[in-house]
Amino acid sequence: MATITIDISDSQLQKLQDLARVHRVSPEALICANLESWLSSPSPEFMDAAKYVLKKNAELYQRLA
């Protein structure tokens, strides 16, 4: 596993610690969970392309249903 070090402001650190306390996890665990969610989300370009294809082929999908 790799380690990354980032600089955050004191106010950001306080907010992170408060949020982690509310969820009863460590700040590191909170960051890792959110990072995993962010990295596994489809890109906006993919979502735009998928919406375009679904809209373009809506009539065909209705006929095939």
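Read-outs: derived from the displayed coordinates by stated rules, not from any lab. Remember, predicted model here, so these are calculated numbers, not experimental data. Cβ sites come from the backbone with ideal geometry, for glycine too, and all protein chains shown count toward neighbours.
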So for segment 30-37 (the condition being in contact (Cβ under 8 Å) with a residue 12 or more places away in the chain and among the aliphatic types (A, V, I, L, M)), does at least one residue qualify? yes
Using beta carbons and a limit of 6 Å, which pairs, at least six apart or on different chains, have the first residue in segment 1-26 and touching a residue at least 12 places away in the same chain (Cβ under 8 Å) and the second one surrounded by 10 or more Cβ atoms within 10 Å (Cβ to Cβ) and of a type outside the set (S, T, N, Q)? Leu16/Pro27
